[in-house]
Amino acid sequence: MNDELDAAIDQAAAVIAASRHVVALVGAGMSAESGIPTFRGKEGIWTKHGEPDLRDYDRFREDPKGWWEQRMKPSPAMNELAAALAEAVPNEGHFALKEMEDRGSLQAIITQNIDNMHQIAGSTNIIEIHGNRTKLRCTVCSNRWPLDEFPIDELPPSCPDCGGIVKGDTVMFGEPIPREVLDECIEQTARCDCMLLIGTSAVVYPAAQFPVDVLRAGGALIEINPEDTPLSNVSQLVIRAGSGTALPMILERLKEKGDS
Ligand code: NAD
């Protein structure tokens, strides 16, 4: 094994073991090894198909019925993502995070992913800042339902509880993050003394602010990403490997420490 990687993994396990409240901030790179393409980067969907319409949420508010009709006939980029999402299963990185949570080495996951992989892997304290593609959400009362349990008889569908318009739970460009979700992220960040930055390019706000807040409060950042990001320079440790490789290695070191 590469000595540099080995040393970084050792140090990461030591920092995690010495921390009180560890939070993973997860981005699209975490699911790359599950076959789900990222947006940015060499194989990114936007790199191949161009950036999507950033007025998505405005379009939804102006014409919810038209937005729903378009959702039923997605673009080639969205079709490519949907096909990958439908096939995907969690990778070794997702399972390692689940085991870290079980062992008390990880207190929460804040994920920007919408792919449901952490739930399938068995993690429990998951905050989905950009929503979940397998759910729908009421735009008024924020109630959520599994997509396959919600009968869509009319477009746009309406909330059985309050009559508000229902949309996909995934947060669109320009759409505010639901307040209760943002509050949970802020609370986890305030308690966090070690944040794992896993597969995120750290440029999408508000998620990109959380590591900055941890850093300001004197906490440690550990980046796991094969490529450089704006947070690489300020991270205490940088692990230049895919999360499907690095996280199981960190888990093994934590187990060795726990058993010794
Ligand atoms: P991004 O696409 O901007 O960047 C992905 C990052 O992952 C890059 O820094 C890249 O170097 C890194 N990466 C690539 N392979 C990796 C691997 N094997 N292990 C670790 N890191 C790896 O992603 P982002 O910063 O998360 O943000 C953009 C948005 O993309 C998010 O809002 C998210 O909702 C959305 N998105 C989600 C999914 C998903 O749910 N799986 C997929 C694509 C995009």
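The values are calculated or read from the model by the stated rules, or taken from the named source; none is laboratory data. Note that the structure is a prediction, hence the values are computed from the model and not measured. Note that we place each Cβ from the backbone using ideal geometry, even for glycine, and neighbour counts take in every protein chain shown. These accessible areas exclude ligands, DNA and RNA; they are computed on the full protein's heavy atoms, side chains included. Shrake-Rupley method; radii C 1.70, N 1.55, O 1.52, S 1.80 Å.
Quick one: 3J(HN,Hα) in Hz for the range 51-64, Karplus 6.51/-1.76/1.60 with θ = phi - 60°, rounded, Gly and Pro as x.
6, x, 5, 7, 9, 3, 5, 4, 5, 4, 5, 6, 8, x
In whole Hz, what ³J(HN,Hα) sequence does the range 98-105 give by Karplus (6.51, -1.76, 1.60; θ = phi - 60°), x for Gly and Pro?
Result, ordered by residue: 4, 5, 4, 5, 4, 7, x, 8 Hz.
Would you mind checking Lys42/Lys73; Lys42/Lys255; Lys98/Lys135; Lys48/Lys135; Lys42/Lys167; Lys98/Lys255 for any pair whose Cα atoms are more than 24 angstrom apart?
Lys42/Lys73; Lys42/Lys255; Lys48/Lys135; Lys42/Lys167
Using Cα pairs under 8 angstrom and six or more residues apart, how large is the relative contact order of the chain, in percent?
For the chain, the relative contact order is 27 percent.
Which percent of the accessible heavy-atom area of the chain goes to carbon and sulfur, probe 1.4 angstrom?
Carbon-and-sulfur percentage of accessible area, whole number: 50.
Taking the Cα centroid of the range 180-242 and of the range 37-106, what is the distance between the two, rounded to the nearest whole Å?
21
Using only Cα atoms and rounding to the nearest 10 degrees, what angle (0 to 90) does helix 76-87 make with the longest principal axis of the chain?
Approximately 60 degrees, to the nearest ten.
Quick check for you: with a 1.4 Å probe and neighbouring chains kept, what is the accessible area per residue of the range 180-255, in Å²?
Details: 3110 Å² over 76 residues.
For the range 180-255, the per-residue accessible area is 41 Å².
Applying the Karplus parametrisation 6.51 cos²θ - 1.76 cosθ + 1.60 with θ = phi - 60° to the phi angles of the range 120-127, what ³J(HN,Hα) value in whole Hz is obtained for each residue in order, glycine and proline being reported as x?
Per-residue couplings from phi come out as 5, 6, x, 5, 10, 8, 10, 10 Hz.
Show me the trypsin sites (Lys or Arg not before Pro) within the range 102-204 that DSSP assigns to loop and that have at most 13 other Cβ atoms within 10 Å of their Cβ.
Qualifying residues, ordered by number: Arg103.
Using a 10 angstrom cutoff on alpha carbons, build the Gaussian network for the chain and name the most mobile of Leu182, Leu155, Leu106.
The residue that fluctuates most here is Leu155.
With a 1.4 Å probe and all protein chains left in place, how much accessible area per residue does the range 109-172 have, in Å²?
Here the per-residue accessible area is 42 Å².
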